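The block underneath contains the structure these notes are about, expressed in structure tokens.
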Amino acid sequence: MHILPEANVTMPVPSQPGREFAVRVSDRGQPSVRDGSDGGQVISLLFGTGIEEWRRGWRRSVGTLPDREAIVSASDLTRGAATGTQVVPDRRLAYTVLGAPVDVERILEAVSDHLTDARDLELTVIVDDIEPLLAEQGPDAANELLDGLGARLDDCDSTVVIGCSFTERAASSVASVFDPVGNVEQLDHSVGLALDTLRQDDPTTFGYVRQHWAETRDGIEGCERNYPQAKQIHATLSEPETTPRTLGTALSGLVSLGVVDTWSETVGPTRYDLTAYRPARMWAVGATLATDEGDGSIDG
């Protein structure tokens, strides 16, 4: 299959069973990472927000500041702050300013320094917003950061929440780093409205998409033809749960969701234009369906 450059890049969806974190993704601005936080001890790692703005946001979102907070600023958004670590005892705050660009190992060292005082406490680690790291340094840097955090928090009673803006420049990296089923806790994406419309207008097709989106994705990404029929996509699958007919129904749903197109220059069975395949949107479909499991509805 011929894949177009940039956003249309085939991406494996990894399984990261050793990682224990909750990812909150949004394509409508920075996702809310403070929701559910009970204050207490917090380490905040900032890529997309300055320290003062971040601290003000606690009162807007939660109503109060954490009991104790350590902040690592890995950006140039904290104006006027010198690099290094500062402690503000009366505000129950310690912060480290690294500036940008900065390598991942230095970020992890700064987090480790703040862990010394929190190792015996219930701890929340918040990463806001990882999108700049993904966009500027790529998925390898993000994987290094996440694996490094996991190793350093291994003996801590900790909860890790990662915020990620789903932007055009970072979409392919988001999809290659985060498993849409195993990692994503919340997703606020425009594809949710399209899924809700499909569910209301054509519940049968919606049901096939919900049940078979992952197998349909595997068939699309495993097909070497540019303009195949459903049966030709189905033939690429080993031990499929679908039939060519049910796969074709799921494909038609993905066309309506803007994941793939049909090829108009054909007579007879529908052919699909896989050169127009949008794997990042496919990831968003899967993540939206996975985060919605249990209540049978899709919120836009």
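In table form, for the structure just shown:
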{"read-out": "From Tyr227, Tyr208, residue being aromatic (Phe, Trp, Tyr), surrounded by fewer than 21 Cβ atoms within 10 Å (Cβ to Cβ) and over 20 Å from Ser73 (Cβ atoms)", "value": "Tyr227"}
{"read-out": "Total residues in the stretch 159-204, condition part of a strand (DSSP E or B), surrounded by 22 or more Cβ atoms within 10 Å (Cβ to Cβ) and of a type in the set (Ser, Thr, Tyr)", "value": "1"}
{"read-out": "Qualifying residue in the stretch 264-272 (condition: surrounded by 22 or more Cβ atoms within 10 Å (Cβ to Cβ) and closer than 28 Å to Ala142 by Cα)", "value": "no"}
{"read-out": "Residue within the stretch 97-119 that is modelled with pLDDT of 90 or more and closer than 15 Å to Val161 by Cα present", "value": "yes"}
{"read-out": "Filter result for the condition that a residue is modelled with pLDDT of 95 or more, assigned to a loop (DSSP other than H, G, I, E, B) and either not polar (S, T, N, Q) or not assigned by TED's automatic domain parsing to the domain that holds Ala170 (or both), over Gly294, Gly253, Gly219, Gly258", "value": "Gly258"}
{"read-out": "Of the criteria (1) more than 18 Å from Tyr277 (Cβ to Cβ); (2) over 27 Å from the mean Cα position of the chain (by Cα); (3) touching a residue at least 60 places away in the same chain (Cβ under 8 Å), which one Thr246 fails", "value": "(3)"}
{"read-out": "Residue list for the stretch 28-68, restricted to those being of a type in the set (S, T, N, Q) and assigned to a strand (DSSP E or B)", "value": "Gln41, Ser44"}
{"read-out": "Which listed residue is closer than 15 Å to Leu257 by Cβ and of a type in the set (Ser, Thr, Tyr), from Thr167, Thr216", "value": "Thr216"}
{"read-out": "Given (1) modelled with pLDDT of 90 or more; (2) within 19 Å of Ala141 (Cα to Cα), number of the condition Met11 does not satisfy", "value": "(1)"}
{"read-out": "Subset of the stretch 233-250 [of a type in the set (A, V, I, L, M) and not in a helix (DSSP H, G or I)]", "value": "Ala235, Leu237"}
{"read-out": "The stretch 58-101, residues that are hydrophobic (A, V, I, L, M, F, W, C) and surrounded by fewer than 19 Cβ atoms within 10 Å (Cβ to Cβ)", "value": "Trp58, Val62, Leu65, Ala81, Ala82, Val87, Val88, Leu93, Ala100"}
{"read-out": "Filtered residue count, the stretch 158-180, keeping only those that are in contact with a helix residue (DSSP H, G or I) (Cβ under 7 Å, 6 or more places away or on another chain) and among the aromatic types (Phe, Trp, Tyr)", "value": "1"}
{"read-out": "Conditions (1) over 16 Å from Ser252 (Cα atoms); (2) out of contact with any Asp or Glu (no Cβ under 9 Å at 6 or more places or on another chain); (3) of a type in the set (Asp, Glu); number of the one not met by Glu168", "value": "(2)"}
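The values are calculated or read from the model by the stated rules, or taken from the named source; none is laboratory data. Because the structure is a prediction, the values reported are computed rather than measured. As a convention, Cβ positions derive from the backbone with ideal geometry for all residues, glycine included, and neighbour counts pool all protein chains shown.
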